[in-house]
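Okay, structure first, notes after.
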Amino acid sequence: MVVHPALKAGEGGCRSPEGRLAEAVGLAQAIDLDIVAAEWVAVNKRRPATLIGKGAVERLAVLVEEQAIAVAVIDGHLTPVQQRNLEKAWSCKVIDRTGLILEIFGARARTREGTLQVELAALSYQRSRLVRSWTHLERQRGGFGFLGGPGETQIEADRRMIGDRIVKLKRELEEVKRTRELHRHARRRVPYPIIALVGYTNAGKSTLFNTLTRSEVLAKDMLFATLDPTMRGLVLPSGRRVILSDTVGFVSDLPHELVAAFRATLEEVLEADIVVHVRDISHPDTEAQAADVETVLKELGLAEVVDRGLVEVLNKIDCLPEAERLECRNQAERRPDCLALSALTGDGVDLLLAHLDSRLSHGQETIEAEVALADGAGIAWLYRHGDVTARIDDDHVARLTVRLDPANAERYRQRLAKKSKTP
């Protein structure tokens, strides 16, 4: 059973209760829960004991019994007391939105970093609501002082063990962060511009990623189909090579535990030269979703990236009626850094590639290069990675005026430095 508590105006954001309920059902289905009942319940005032009203609790208790419901999902944040009281009233397991998202992430994380981050987030969440669920732990422990004396309860032991595990996980994540930084450092030595895809979950980021890079990253009509970040090389129309990064999708009311835990993963966005915000323009709450993405980016300390300006992709225009599709294209044409396309059909993808190429060219610097005519590879490299605006050859040297983006200009300088050290 999925229940969305529809709070009074001003507390639930600008989305409709029906839209929020549909999203909650999608989240529950993402971990293969069989939904037998779903409804939203008006909440004029939060009840400290159960969040929703007494009448709604009693009515839903009858439904739980009639349908033999085993799990109830509350699409909101529950305190430990509210969760316990609802479980008593309904005689079934109750999880809130945070717990549900953690379940999804736990089921989907594949890389070591993703697994560590999910476990850290889950333990941080569990520590505040221990309910004797760790039955493998003994109720009492004899002891050496630091292991706890004979009077230590199971919950105290649980809490202490969770605290120890959190400390260990944070240490391991620091190692992962250092490894990731080494990878970034290696990329800076042979720098390519980085383009990061961000967006609300199920906006079509992975489909666009596959279309652009001809990859086979999992792309399904499902919330949080992709969790672990993926990076691939991409060649733009000018021949410029870039790295395209597909990141985890965002969602409204993202649990604070996950925001903190996934900060390391999303540092890739901070490193990006261009951030592409992919939107599902066919979704009725597309504007609210866009606002949520920008809010989460700012919470992660990426306000500078948002203020610098995102390239906005209005995806899934193939899902719109013809008249709305035309209006969407006209709207995109009137705005800078905005494009309408369909990642699924490929319609408009060529315009996106050209736009990214053009945007990277804005920051180009002009250099005067002198290359020996015998160095055919060096001359070819300049033609392949830059715009040669002038060239004068003498008997031995080609003098070229070339426009290069900052990354390739740095690569050229490093190439020169390496050649000067060669005897």
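The values are calculated or read from the model by the stated rules, or taken from the named source; none is laboratory data. This one's a predicted model, so the numbers in the text were calculated from it and none came from an experiment. Reconstructed Cβ throughout: ideal geometry from the backbone, glycine too, with neighbour counts over all protein chains shown. We work out accessible area using only protein heavy atoms, side chains counted, and drop any ligands, DNA or RNA first. Shrake-Rupley method; radii C 1.70, N 1.55, O 1.52, S 1.80 Å.
Points worth noting:
- Glu119 being free of Cβ contacts under 8 Å to residues at least 60 places away in the same chain, acidic (Asp, Glu) and within 23 Å of Met161 (Cβ to Cβ): yes
- Enumeration of residues in region 7-47 that are in contact with a Phe, Trp or Tyr (Cβ under 7 Å, 6 or more places away or on another chain), modelled with pLDDT under 90 and hydrophobic (A, V, I, L, M, F, W, C): Ala30
- Test: residue in region 287-310 that is in a strand (DSSP E or B) and out of contact with any Ser or Thr (no Cβ under 8 Å at 6 or more places or on another chain): no
- For region 90-124, the set of residues classified as over 21 Å from Val25 (Cα atoms) and either touching a strand residue (DSSP E or B) at 6+ places or on another chain (Cβ under 8 Å) or of a type in the set (Lys, Arg) (or both) consists of Arg110, Arg112, listed by residue number.
- Taking region 240-255 as the range and being closer than 12 Å to Asn408 by Cβ and in a loop (DSSP other than H, G, I, E, B) as the test, only Arg240 passes.
- Evaluation of His362 against (1) under 41 Å from the mean Cα position of the chain (by Cα); (2) surrounded by 10 or more Cβ atoms within 10 Å (Cβ to Cβ) (one fails), failing number: (2)
- Pick from region 271-310, criterion over 16 Å from the mean Cα position of the chain (by Cα) and aliphatic (A, V, I, L, M), ranking: least open to solvent (accessible area, probe 1.4 Å): Ala288
- All positions within region 73-91 that are among the polar types (S, T, N, Q), surrounded by fewer than 21 Cβ atoms within 10 Å (Cβ to Cβ) and out of contact with any helix residue (DSSP H, G or I) (no Cβ under 9 Å at 6 or more places or on another chain): Thr79
- Taken together, the residues in region 339-352 that are surrounded by fewer than 18 Cβ atoms within 10 Å (Cβ to Cβ) and outside any loop (DSSP other than H, G, I, E, B) amount to 3.
- Some residue of region 406-421 being in a strand (DSSP E or B) and within 38 Å of the chain's Cα centre (by Cα): no
- Region 380-423, residues that are among the hydroxyl-bearing types (Ser, Thr, Tyr) and open to solvent by less than 40 Å² (accessible area, probe 1.4 Å): Thr401, Tyr412
Residue by residue, here is whether (1) charged (D, E, K, R); (2) in contact with a helix residue (DSSP H, G or I) (Cβ under 9 Å, 6 or more places away or on another chain); (3) without any contact (Cβ under 8 Å) to a residue 12 or more places away in the chain holds:
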residue	(1), (2), (3)
Val311	no, yes, no
Arg329	yes, yes, no
Thr345	no, yes, no
Val349	no, yes, no
Ala369	no, yes, no
Val388	no, yes, no
Ile392	no, no, yes
Lys419	yes, yes, yes
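- Restricting region 219-239 to residues that are open to solvent by less than 30 Å² (accessible area, probe 1.4 Å), in a loop (DSSP other than H, G, I, E, B) and closer than 16 Å to Val276 by Cβ, the residue that is modelled with the lowest pLDDT: Thr226
- Residue within region 56-70 that is modelled with pLDDT under 90, open to solvent by 20 Å² or more (accessible area, probe 1.4 Å), touching a helix residue (DSSP H, G or I) at 6+ places or on another chain (Cβ under 9 Å) and not aliphatic (A, V, I, L, M) present: no
- Whichever residue in region 92-107 is without any contact (Cβ under 8 Å) to a residue 40 or more places away in the chain and small (Gly, Ala, Ser) and, among such residues, is surrounded by the most Cβ atoms within 10 Å (Cβ to Cβ): Gly99
- Check on Glu324, open to solvent by 60 Å² or more (accessible area, probe 1.4 Å) and within 23 Å of the chain's Cα centre (by Cα): no
- Residue-level check: of (1) open to solvent by less than 40 Å² (accessible area, probe 1.4 Å); (2) within 24 Å of Ile274 (Cβ to Cβ); (3) more than 27 Å from the chain's Cα centre (by Cα), Arg334 misses just (1).
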